[in-house]
Amino acid sequence: MASFSEPRRSLGEGGLMIRVVLPMHLRTLARVDDEVTLEVVGPITQRAILDALEARYPVLCGTIRDHVTQQRRPFLRFFACEEDWSHELPDAPLPSKVATGAEPFLVVGAMAGG
Amino acid sequence: MSGVRVLVGTRKGAFVLTSDGKRTKWDVSGPFFGGWEIYHLKGSSADPNRLYASQSSGWFGQLIQRSNDGGKTWEPVGNKFVYDGVPGTHQWYDGTPHPWEFKRVWHLEPSLTDPDTAYAGVEDAALFRTTDGGQNWHELPGLRGHGSGPQWSPGAGGLGLHTIVLDPTNARRMFIAISAAGAFRTDDGGTSWRPINNGLRSEQIPDPSAEVGHCVHRIAMHPSQPNVLFMQKHWDIMRTDDAGDSWREVSGNLPTDFGFVIDVHAHEPQTIYVVPIKSDSEHYPMDGQLRVFRSRSGGNDWEPLTKGLPQKDCYVNVLRDAMAVDRLDSCGIYFGTTGGQVYGSSDAGDTWAPIVRDLPAVLSVEVQTLPPSLAEV
């Protein structure tokens, strides 16, 4: 498991710049060509990142997690620092390398045929 | 010259086919939303350039797209479909109660008078409405709140509300159909609903004449006779002359009365079309022959229409939303197949020709008849 002890990079009003990599279809929807950078305030968790992502790109609401339950869609996965965080609690802290921007938070579409 | 715009939803995107009134040369644009399932797209009759599309994916859920320029460009609008109140349960395949869960939008039906108002039929079966051009969707809970709701159970394809028919003479009346609950009607703008399945008979349910539980595949209406409805049920072609209060079978001499699509000629209210499909479970044309059947008498007497359609080695299906008619003087009929062909006839079904042959599996076909000011080809 990655370390949580590295210092955070704080920018602006105390937020941290987080890198997020989206799958192709969500990049198309959000009209971005590459990974996105988000300012996230507070502890860096899945929920905090997804809240910031949806605030910046409202078109992504409902595409990564359910509108009502806020649960991750079954065919999507969350990776960070070469580990699968999909089954961790949404408020669990993510590795410090994600918080510092050294590593991105990846939203990955599960491989499936059809 | 007038023109036509054929809107095609497929397993992997949407396509727009346009032609002038001759309907011999076609322009094909798309795919739009490549890689996504487009269950349905349809244009507003109040503003033909306003289109709505249901875009969904097993990975990313449901989106609704809107076009204000006839399908040249699109923008995502609201995709939040939340059941009203406590969702409750319907019956699962094993007979146990199962919570209502939104899965996708099967059918979009724009209002006949207001381009910003549209209805969405969804799985698990419910009816939603937008009045702001698709930004916000709200359930009409009286349908699911009908006392039979907990008894509804899914067909093999899911518990989908797939048919929405608006009465052009009465803004407060509409008809919907659900697999496998049956047909319902509202006479008060969607506040309350009642099942209209009297006369349907389905041997596959414990009580063949039950009030609900019938697998209705599709309902069609001619706008000049809104009390006359034609239904393709799982098996049986049915007809009502009293807005669904009672139905009678008009399958007549069809080689099989299973199928999905049914539609009505634009100018002849008693001329109807079906595509018989072999079942149970094969779901392809009988004997490898793709045949549309036409009745000019409102049912019972049917004639096969084969000219231009493959008459051997054809094993495609034609799904419930995949037939439509245009309103040009010589009525055009169109249908799409799971093999990716879209066939058109500009002479009411006498002869057919493929417009496109190699699209992804076709889920839906809709047609807009365009005035000269909007026809471009």
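The set of residues in the range B:58-73 that are within 11 Å of chain A (Cβ to nearest Cβ) and open to solvent by less than 20 Å² (accessible area, probe 1.4 Å) comprises B:Phe60, B:Gly61, B:Gln62, B:Leu63, B:Ile64, B:Gln65. If the condition is being in a loop (DSSP other than H, G, I, E, B), under 21 Å from A:Met111 (Cβ atoms) and either more than 14 Å from every other protein chain (Cβ to nearest Cβ) or open to solvent by 10 Å² or more (accessible area, probe 1.4 Å) (or both), then the range A:53-85 contributes A:Gln71, A:Arg73, A:Pro74, A:Phe75, A:Cys81, A:Glu82, A:Trp85.
Tell me whether the range A:44-52 contains one or more residues that are in a loop (DSSP other than H, G, I, E, B) and either away from chain B (no Cβ under 14 Å) or open to solvent by 60 Å² or more (accessible area, probe 1.4 Å) (or both). Among the residues of the range A:44-52, at least one is in a loop (DSSP other than H, G, I, E, B) and either away from chain B (no Cβ under 14 Å) or open to solvent by 60 Å² or more (accessible area, probe 1.4 Å) (or both), which makes the answer yes. Given B:Ser192, B:Ser111, B:Ser153, B:Ser202, which one is within 23 Å of B:Glu249 (Cβ to Cβ) and of a type in the set (S, T, N, Q)? None of the other options fit; the residue is B:Ser202.
Among the residues examined, B:Ala46 does not qualify as part of a strand (DSSP E or B) and not aromatic (Phe, Trp, Tyr). Taking the criterion of being within 18 Å of B:Met323 (Cα to Cα) and free of Cβ contacts under 8 Å to residues at least 40 places away in the same chain, the residues of the range B:286-300 that qualify are B:Gln289, B:Arg291, B:Phe293, B:Arg296.
Scan the range B:25-34 and tell me whether some residue there is within 23 Å of the chain's Cα centre (by Cα), within 14 Å of chain A (Cβ to nearest Cβ), surrounded by fewer than 20 Cβ atoms within 10 Å (Cβ to Cβ) and at pLDDT 95 or above. The answer is yes; a qualifying residue exists.
Of the residues making up the range A:95-108, those that are open to solvent by 30 Å² or more (accessible area, probe 1.4 Å) and either under 21 Å from A:Arg73 (Cβ atoms) or part of a strand (DSSP E or B) (or both) number 2. Within the range B:239-251, residues that are free of Cβ contacts under 8 Å to residues at least 12 places away in the same chain and under 13 Å from B:Ile219 (Cβ atoms) have Cβ atoms under 9 Å from residues that are of a type in the set (Ser, Thr, Tyr) and crowded, with 21+ Cβ neighbours inside 10 Å in no pair, counting only partners at least 6 apart in sequence or on another chain.
Can you say whether B:Ala180 is among the hydrophobic types (A, V, I, L, M, F, W, C), more than 22 Å from the chain's Cα centre (by Cα) and modelled with pLDDT under 95, as far as the supplied structure shows? Against the criterion (among the hydrophobic types (A, V, I, L, M, F, W, C), more than 22 Å from the chain's Cα centre (by Cα) and modelled with pLDDT under 95), B:Ala180 does not qualify.
Selection within the range B:1-24: residues that are more than 21 Å from B:Asp358 (Cβ to Cβ) and of a type outside the set (A, V, I, L, M). The member of this set that is modelled with the lowest pLDDT is B:Ser2.
Quick grid of which residues meet (1) charged (D, E, K, R); (2) free of Cβ contacts under 8 Å to residues at least 24 places away in the same chain; (3) in contact with a Ser or Thr (Cβ under 7 Å, 6 or more places away or on another chain):
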position	(1), (2), (3)
B:Thr10	no, no, no
B:Val16	no, no, yes
B:Gly21	no, no, yes
B:Tyr39	no, no, yes
B:Ser56	no, no, no
B:Glu75	yes, yes, no
B:Phe102	no, no, no
B:His107	no, no, yes
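Conditions tested, residue by residue: (1) basic (Lys, Arg); (2) buried (at least 16 other Cβ atoms within 10 Å of the Cβ); (3) within 25 Å of B:Cys215 (Cα to Cα).
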site: B:Val275; (1), (2), (3): no, yes, yes
site: B:Asp280; (1), (2), (3): no, no, yes
site: B:Arg294; (1), (2), (3): yes, yes, yes
site: B:Lys307; (1), (2), (3): yes, no, no
site: B:Ala324; (1), (2), (3): no, yes, yes
site: B:Ser345; (1), (2), (3): no, yes, no
site: B:Ile355; (1), (2), (3): no, yes, no
site: B:Ala361; (1), (2), (3): no, yes, yes
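The values are calculated or read from the model by the stated rules, or taken from the named source; none is laboratory data. Computed from a prediction, not measured in an experiment: that's the story for all the values here. Reconstructed Cβ throughout: ideal geometry from the backbone, glycine too, with neighbour counts over all protein chains shown. Please note that ligands, DNA and RNA were not included when accessible areas were found on the heavy atoms of the full protein model with its side chains. Shrake-Rupley method; radii C 1.70, N 1.55, O 1.52, S 1.80 Å.
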